[in-house]
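Since every read-out is calculated from the coordinates, none of them should be taken as a lab result. Everything numeric in this text was worked out from a predicted model, so none of it was measured. FYI the Cβ positions are ideal-geometry reconstructions off the backbone, even for glycines, and counts take in every protein chain you see.
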Amino acid sequence: MYLKKLTLTNFKNYELNELEFSPKINCFVGNNGVGKTNILDAIHYLSLTKSFFNNIDSISIRHGEDYFIIQGTFVRDGEEDQIYCAFQKQKQKLLKRNGKEYQKLSDHVGRYPVVMISPADSALITEGSEDRRRFMNKIISQYSAEYLDSVLKYSKALQQRNKVLKDIKSSGQADSDILSIWDAQLVKYGCYVYDERDVLVNELIPVFQEYYSLISSGKESVSLKYRSHLSEGSFAEALQNSVIKDKYLEYTTVGIHKDDLLLEMDDFLVKSLGSQGQQKSYLVALKLAKFDFIKRKAGFSPILLLDDIFDKFDAERVEQIIRLVGNKRFGQIFITDTHQNRLQDILRSHNTDYKLFNITGSGIVELTQNGTPIQ
Ligand SMILES: Nc1ncnc2c1ncn2[C@@H]1O[C@H](COP(=O)(O)OP(=O)(O)O)[C@@H](O)[C@H]1O
Ligand SMILES: [Mg+2]
């Protein structure tokens, strides 16, 4: 599966741009702020129907306009699919595949999977547990529509249960029947989500450890642990046992909305122990493990988006990574970097098909392998 063509209209800093890609490696070079990451984000949109960076579509509309359109041609099993994603202010997002509108955006997710490795990943280590739950959600949703649906239904039930808890506190009247309706919903969807997350983490661990030792020269041992109230016993009982506390606090204190992933190095949280270099290697290994996992589930390689690749690695590592991702194990790759020459030197020395695009304030130009513009 690969993206053959991309057309952007009023997307972020692009008024109108049309690009044709290599099925293997595609590089965007240019100074800071010219719009390299924006291209990767447009590809992310086509795959997951939203930005990698935020959930507010209107931010992605070019300033001064009131809509954007992202169009892409994917090739899967030799067949071309046209994806059309449009958003207009105050309207619903519109997504079409081969001219036919999707009823639910979630039906599209997973068809053309992508994995982004970005400097923003450090939030996984530094931020709260919500980022790590989102990490798990995003992986599983890319192959299981039922999972995404369960997470949404769980969230709705949770909101309702919290509302009942608030009402009980303000009215002083306990309505255990209504509470038990929402408990049943939470148990139904929560247990499903828990099982899927548990399988995910157990499958990620060995691949992640292998990638970590491949890309780091460190001797430290790394691990990943899934922490959930649901692994401590019956979820239904836990809800029962916490009901007094929940009524007092006016929200639900147990459940998968409190899950976390413990990111560890030598039995300590990588956040507290790891050097910057170790943390970066940790994150890249985790993302590559995610790549392998989605690949196994989908039966083909996701598109790999490597944003600001030199932010994470020195030149030697980048070369090693390009050699790694240039082989058959990986599919199509998009890379951004601020320096044309250092990336081009590495690419030239490898026998891999690639395209290079130079982005400046005045537009995007494809370059030949010698670095001159293609007319
Ligand atoms: N909605 C928007 N309308 C116009 N320009 C935007 C919009 N969103 C972001 N930009 C511009 O995009 C640029 C950043 O693009 P980005 O892809 O992050 O750059 P980089 O090449 O450093 O990766 C900034 O100059 C910013 O002003
Ligand atoms: Mg960038």
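What FRET efficiency would be calculated for the residue pair Q90, K166, taking the C-beta separation as r and a Förster radius of 30 Å, to the nearest 0.05?
With a Förster radius of 30 Å, E is 0.45.
Using only the C-alpha atoms of region 119-263, find the volume of their convex hull and express it per residue in Å³.
Looking at region 119-263, the number lands at 124 Å³ per residue.
Stokes-Einstein at 4 °C, 1.567 mPa s, Kirkwood radius from Cα pairs: D for region 44-98 in µm² s⁻¹?
Answer, rounded: 108 µm²/s.
Pairs to check: K91/K247; K50/K100; K258/K287; K91/K355; K89/K156; K96/K225. Give those whose C-alpha atoms are more than 29 Å from each other in this structure.
Long pairs (Cα-Cα over 29 Å): K91/K247; K91/K355; K96/K225.
Compute, for the chain, the length of the dipole vector about the Cα centre, with Cβ point charges of +1 (Lys, Arg) and -1 (Asp, Glu) only. Units Debye, rounded to 20.
Around 460 debye, computed over the chain.
Based on the Cβ-Cβ distance from D107 to D66, what FRET efficiency comes out when R0 is 22 Å, to the nearest 0.05?
For R0 = 22 Å, the calculated efficiency reads 0.25.
With a point put 7 Å past each Cα toward its Cβ, work out how far S272 is from A315 in nm, to one decimal.
With each label point 7 Å from Cα toward Cβ, the separation is 3.9 nm.
Could you tell me how far the Cα centroid of region 225-243 sits from the Cα centroid of region 11-85, in Å?
Using only Cα atoms, the two centres lie 41 Å from each other.
I'd like the distance separating the alpha-carbon centroids of region 261-300 and region 347-375, in whole Å.
One Cα centre to the other: 31 Å.
Quote to one decimal, in nm, the extra length available between E366 and K4 on full extension: 0.36 nm per residue of separation minus the C-alpha distance between them.
Between E366 and K4, full extension yields 128.8 nm more.
For helix 36-48, what angle does its Cα long axis make with the longest principal axis of the chain, in degrees from 0 to 90 and rounded to 10?
The answer is roughly 50 degrees.
Can you tell me the FRET efficiency between S349 and N55 if r is taken as the Cβ-Cβ distance and R0 is 41 Å, rounded to the nearest 0.05?
0.50
Grab the Cα-Cα distance for A145 and S231, subtract it from 0.36 nm times how many residues apart they are, and report the gain in nm with one decimal.
Length gained between A145 and S231: 28.6 nm.
How far apart, in nanometres, would the label points at A184 and Y251 be if each is projected 7 angstrom from Cα along the Cα-to-Cβ direction?
Spacing of the two 7 Å Cα→Cβ label points: 2.7 nm.
Comparing D311, D195, D175, which has the greatest mean-square fluctuation in the GNM of the chain with Cα pairs linked when under 10 Å apart?
D175
Local charge sum around F268 (other residues, Cβ-Cβ under 13 Å, Lys/Arg +1, Asp/Glu -1)?
-2
For the residue pair Q159 and D198, what label-to-label distance in nm results when each label sits 7 Å from Cα along the Cα-to-beta-carbon direction?
Calculated label separation equals 2.9 nm.
Choose one answer from L214, L186, L306: the residue with the largest mean-square fluctuation in a GNM of the chain with alpha-carbon springs under 10 Å.
Comparing L214, L186, L306 in the GNM, the peak value goes to L214.
Can you run phi through the Karplus equation (6.51, -1.76, 1.60; θ = phi - 60°) for region 308-314 and list ³J(HN,Hα) in whole Hz, with x for Gly and Pro?
Once rounded to whole Hz, the list reads 6, 4, 6, 5, 9, 9, 7.
Out of all DSSP beta bridges in the chain, what portion is antiparallel? Express it as a percent rounded to 5.
In the chain, approximately 70 percent of DSSP beta bridges are antiparallel ones.
From the phi of every residue in region 291-303, what ³J(HN,Hα) in whole Hz does the Karplus formula 6.51 cos²θ - 1.76 cosθ + 1.60 yield, where θ is phi - 60° and glycine or proline is x?
In residue order, the calculated couplings are 4, 4, 5, 5, 4, 4, 5, 7, x, 8, 6, x, 7 Hz.
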